[in-house]
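The next block holds one structure in the form of structure tokens; read it before the comments.
The values are calculated or read from the model by the stated rules, or taken from the named source; none is laboratory data. None of these values were measured; they are calculated from a predicted model. Cβ placement follows ideal geometry from the backbone for every residue including glycine, while neighbour counts extend to all protein chains displayed.
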Amino acid sequence: MIASCTTFKKSVFAALLALILPMAVQAQKCKFDEDKKDPFGSGNHRLVTHKIGPPSWNWNFSLEQNDGKFYISMRMLRAGKMDEVYPAGRKVMLKLENGTIMELSSSQDFLPAFVVSNDGIIWTNYIPKFEVSQQVVTDLSASRITDVKVTLGTENILLPKITEKQTEKIKESAGCLLK
């Protein structure tokens, strides 16, 4: 009786392992929009972009690693023509689920770009890029983003409707950049 109980436990353990292991391996696969090695050096360039906020806003959050340096950029789209430059020193604030508040400060001015949609609406597009430390990427890999606050022109914007699904992908991608 004891031998058959041990055999049963081993069979259950093997079955659970067979189910869990493929899921764990699949969960660890890292996908990047760009993943290139520099043919002239030892550096890599990896980039991944995710949607963040309401789909109608069409904002993106990007994580990048280039030659050992880390960057975060955000594409922020607003209806109407905004001529203001996104100035050096302006901050994007990220609040993480663990309570940490990150302030990303731009080191240079970013000019707006304009697009006219098929229905004649002018859209202003800002894409500031922030060099960040490896610790910032580590923090993003450990805790999801819950809130984003930016200033565009004279308007302070708290990005609404950030979903857990969106920020879980960002968290996973941050972990992938660290590998």
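Among the residues making up region 151-179, a single one is in a loop (DSSP other than H, G, I, E, B), buried (at least 16 other Cβ atoms within 10 Å of the Cβ) and in contact with a helix residue (DSSP H, G or I) (Cβ under 9 Å, 6 or more places away or on another chain): L159. Selection within region 126-148: residues that are of a type in the set (A, V, I, L, M) and crowded, with 16+ Cβ neighbours inside 10 Å. The member of this set that is nearest to T49 (Cα to Cα) is I127. Here region 85-129 is the region considered, the condition is being out of contact with any Lys or Arg (no Cβ under 9 Å at 6 or more places or on another chain) and assigned to a strand (DSSP E or B), and the residue that is nearest to L178 (Cα to Cα) is K129. Restricting attention to region 105-150, the residues that are out of contact with any helix residue (DSSP H, G or I) (no Cβ under 9 Å at 6 or more places or on another chain) and either without any contact (Cβ under 8 Å) to a residue 24 or more places away in the chain or of a type in the set (S, T, Y) (or both) total 15. Looking across F61, F13, one residue alone is closer than 26 Å to I170 by Cβ, of a type in the set (A, V, I, L, M, F, W, C) and either modelled with pLDDT under 95 or part of a strand (DSSP E or B) (or both). It is F61. Is it fair to say V92 is β-branched (V, I, T), free of Cβ contacts under 8 Å to residues at least 40 places away in the same chain and surrounded by 12 or more Cβ atoms within 10 Å (Cβ to Cβ)? Answer is no for this residue.
Filter region 20-47 down to the residues that are modelled with pLDDT of 95 or more and within 15 Å of E131 (Cα to Cα) and list them by number. Matches in region 20-47: R46, L47. Would you confirm, using the coordinates I've provided, whether G68 is modelled with pLDDT of 95 or more and either aliphatic (A, V, I, L, M) or surrounded by fewer than 17 Cβ atoms within 10 Å (Cβ to Cβ) (or both)? Against the criterion (modelled with pLDDT of 95 or more and either aliphatic (A, V, I, L, M) or surrounded by fewer than 17 Cβ atoms within 10 Å (Cβ to Cβ) (or both)), G68 does not qualify.
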